[in-house]
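Worksheet for the structure shown next.
No lab work stands behind these numbers, since they all come straight from the coordinates. Everything numeric in this text was worked out from a predicted model, so none of it was measured. Positions of Cβ are backbone-derived with ideal geometry, glycine not excepted, and every protein chain shown enters the neighbour counts.
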């Protein structure tokens, strides 16, 4: 299982589901919801927080918060399709 | 729309960073009124405009991402829409960013479901065009069921059309919420508005149900929006890495990011310290000459003294802060407006989080090197309540510019200019040490408060990093003006009241002691500065100063310092002036003579020097930590709307100051 905080810089993924109820409400209203494509675009100098591109803008979040978002790496999705 | 009414009430609603404030300014111009919402320190902006003979009253609501609030600002926005929906609010102007239309339309669909007449203003349409985003207006109007107006609030494009559409605003026929699901979960509720209303009054079980509904409903809204966007918006397939993201690689860089951050701080402080100094001196001098003039113009007596030394001196003490506050707010607003502040928060959040603060506490903390008042006022950008309170409570520990004269006087007693180590003057090193001590104390206090304060509010950092934009100078100017006004009227009232009390204490004495002193002075031909010293000694403040001597003796202070502690409760820098009066060193601006007098001051009985190293260090530490600034307390009150917080601030800082001075004094004695 991959979570959003495990993405490498420049990597894209698709949001699957959330493990934290409260944060999920916040993520959804920020346009970061299941089936949405996200891309890791920045990591703060101390390694935390991170910034993702989602729904056409950049959203910053702490790694701890990112770890509550389950994602599928986009490469995997493409691979599954071709198989 | 009914035609009987004379003024229609409109609310301006949108996400943060949708350009709402600029649109508000463009629509209402200089007719604005600013205040706070009842009971909370969320700013309320109201303005008026007229169009084709109809007058409108416009309220700029705090930005919100949805009608299910996640912060105090958002709660105020939602509650204002709801409480007014039945009678006062006639329509809503929804403001959305055309370059980021999908996320901004989530709130729009929720507002449409409230069944209030709405108009959608698609702002920043020029930027959307630059990015080759095409929006089909007619299709969007059909699907949303409301009028859509393309607006560029910065260039004032589309405002006439927006006003025309406001005149014709109607309730949409479209419904976006899942009414079947809502009817199943909440059979008693007849509308979407009732559901939004319910979240503020419901019990825990209902709250859980509402959250479940919110989640599913918002997801389904986005699916509907995906369809709408596909129909109405044409976007270039592959977006290049945006300019903002390119700038970010520099501003959030491990090395250059911090370099730039400190460069900005350096520039801000150059301005705040050196440029604000000019108008501040000018204000002080103008007030001094005006007070002089008034004192001579009015018939002498009690009233004269009250007006000049009580009221005018109090007002002068308030107004003198204005240049610093205005300049600091100017920079803070520009940093906010350009989007840089979000990046500063981003690079420093990790460090600040360890101390119960977050990235957004950085600027208030650093601004308080100049003055704690604008710092406390700028904590409004921190949406998390606990983080905001901690920031407010600890910022006054950081050494502000008012401590500088006190530090300079005392350090000057201990060290001479000749005292150097490796070519660095001791004076400079100690002064720097005092500033570091302030920062250390603030962070330590924050760290402790992190465990003491309890909150149910979740602390998160899910925050939009807005695209970089040029600041809107008119909006910046308006905001600075509003902040200064807020300070003058909110904190000003309290400061003035305390100034008058302090005036009474220093200029009045029991029975006719002053008259006796004056008679004696006349006989002995005492110089006037010595008479003033005697008067102060026998005034109520002097009596208190002597009364508290047993309490301050353990930290090495005598009654003379005691009097100065009382008078400088208004503001720290008053310490120097009072000491000058007590030691009757004449011109209070001439600290050189005062310093010599203090250095040579001997105990009457033992003939030992009074200002020993131990006493000096004790004084330094005391002034570093003590809450000797009623302007700060008044601001804390007006920013927290509760006397509890300034009281806690006063108590913990006093205890810290006394305790530290006690340790320092007894260790060095």
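Counting only helical runs of four or more DSSP H residues, what would the 222 nm mean residue ellipticity of chain A come to if each run contributes -39,500 (n - 2.57) and the total is spread over all its residues?
When only DSSP H runs of four or more count, the value is -7000 deg cm²/dmol.
With the crude spin-label approximation of a point 7 Å out along Cα→Cβ, what separation in nm comes out for residue B:175 versus residue A:46?
5.0 nm
How would you rank B:43, B:50, going from fewest to most other Cβ atoms within 10 Å of each one's own Cβ?
The most exposed by this proxy come first: B:50, B:43.
For n ≥ 4 DSSP H runs only, could you compute -39500 (n - 2.57) per run for chain B, divide by its residues and tell me the 222 nm figure to the nearest 500?
-18000 deg cm²/dmol
So between residue B:247 and residue B:281, what do we pick up on full extension, going 0.36 nm a residue minus the alpha carbon distance?
The residue B:247-residue B:281 span can extend by a further 8.3 nm.
Relative contact order of chain B, please, whole-number percent, based on alpha carbon pairs below 8 angstrom and at least 6 residues apart.
10 percent
Fewest to most neighbouring Cβ within 10 Å: what's the order for B:343, B:572?
Ascending number of Cβ neighbours within 10 Å: B:572, B:343.
Given the peptides B:355-368, B:9-22, arrange them by the average over their residues of other C-beta atoms within 10 Å, most packed first.
B:355-368, B:9-22
Going by a ≥ b ≥ c, the root eigenvalues of the Cα gyration tensor, does region A:2-82 fall in the rounded group (a/c under 1.5), the prolate group (a/b larger than b/c) or the oblate group?
Judged from the Cα gyration tensor, region A:2-82 comes out oblate (a/c at least 1.5, b/c at or above a/b).
Rounded to whole Å and ordered largest first, report the semi-axes of the equivalent ellipsoid of the protein assembly as shown derived from its Cα gyration tensor (root of 5λ).
Computed over the protein assembly as shown, the values are 56, 30, 22 Å.
Taking beta carbons within 10 Å but only from partner chains, what does the mean come to for residues A:40-52?
6
Could you calculate the FRET efficiency of residue A:11 with residue B:459 from 1/(1 + (r/R0)^6), where r is the beta carbon distance between them and R0 is 25 Å, rounded to 0.05?
E between residue A:11 and residue B:459, to the nearest 0.05, is 0.35.
At a Förster distance of 45 Å, what's the computed FRET efficiency of residue B:612 paired with residue B:200, Cβ-Cβ distance as r, to 0.05?
0.15
Which stretch or stretches of region B:357-400 have amide N atoms under 11 Å from the point lying 7 Å from residue B:351's Cα along the Cα→Cβ direction?
B:362
Restricting to bridges with both residues inside the protein assembly as shown, how much of the DSSP beta-bridge set is antiparallel, in percent to the nearest 5?
Counting only bridges with both partners in the protein assembly as shown, antiparallel ones make up about 65 percent.
For chain A, modelled as a GNM with alpha-carbon contacts under 10 angstrom, which of A:65, A:29, A:53 fluctuates the most?
Fluctuation is largest for A:29.
Taking the simple approach of a point 7 Å from Cα along Cα-to-Cβ for both residue A:37 and residue B:416, what is their distance in nm?
Inter-label distance under the simple model: 7.6 nm.
Work out how much length residue B:501 to residue B:444 would gain on full extension: take 0.36 nm times their residue separation and subtract the Cα-Cα distance, in nm to one decimal.
17.1 nm
Please label the shape of region B:402-480 as rounded, prolate or oblate, based on the square roots a ≥ b ≥ c of the eigenvalues of the alpha-carbon gyration tensor (a/c under 1.5 means rounded; beyond that, a/b larger than b/c means prolate, else oblate).
oblate
Simple spin-label model, 7 Å along Cα-to-Cβ: residue A:3 to residue B:263 in nm?
Label-label distance for residue A:3 and residue B:263, simple model: 3.8 nm.
Sorted by average packing, counted as other Cβ atoms within 10 angstrom per residue and highest first, what order do B:504-514, B:305-315, A:41-51 take?
Ranking, from highest mean packing down: A:41-51, B:305-315, B:504-514.
Work out the FRET efficiency for residue B:522 and residue B:298 from their Cβ-Cβ distance, taking R0 = 22 Å, and round it to the nearest 0.05.
Working from the Cβ atoms, E equals 0.35.
Need one number: % antiparallel among DSSP beta bridges in chain B, to the nearest 5.
50 percent
Residue by residue through B:214-223, how many Cβ atoms from other chains fall within 10 Å of the Cβ on average?
Partner Cβ neighbours, averaged per residue: 4.
Once the piece of chain linking residue B:115 and residue B:529 is laid out straight, how much longer is it, given 0.36 nm per residue of separation minus the C-alpha distance between them?
Net length gain for the segment: 141.6 nm.
Can you give the mean number of other chain Cβ atoms that lie within 10 Å of the Cβ atoms in peptide A:17-28?
Average per residue, whole number: 4.
Using only the Cα atoms of region B:1-239, build the gyration tensor, take square roots of its eigenvalues as a ≥ b ≥ c, and label the shape rounded, prolate or oblate: rounded if a/c is under 1.5, else prolate if a/b is larger than b/c, else oblate.
oblate
Can you say what percent of the DSSP beta bridges in region B:1-239, counting only those with both residues inside, are antiparallel? Round to 5.
40 percent
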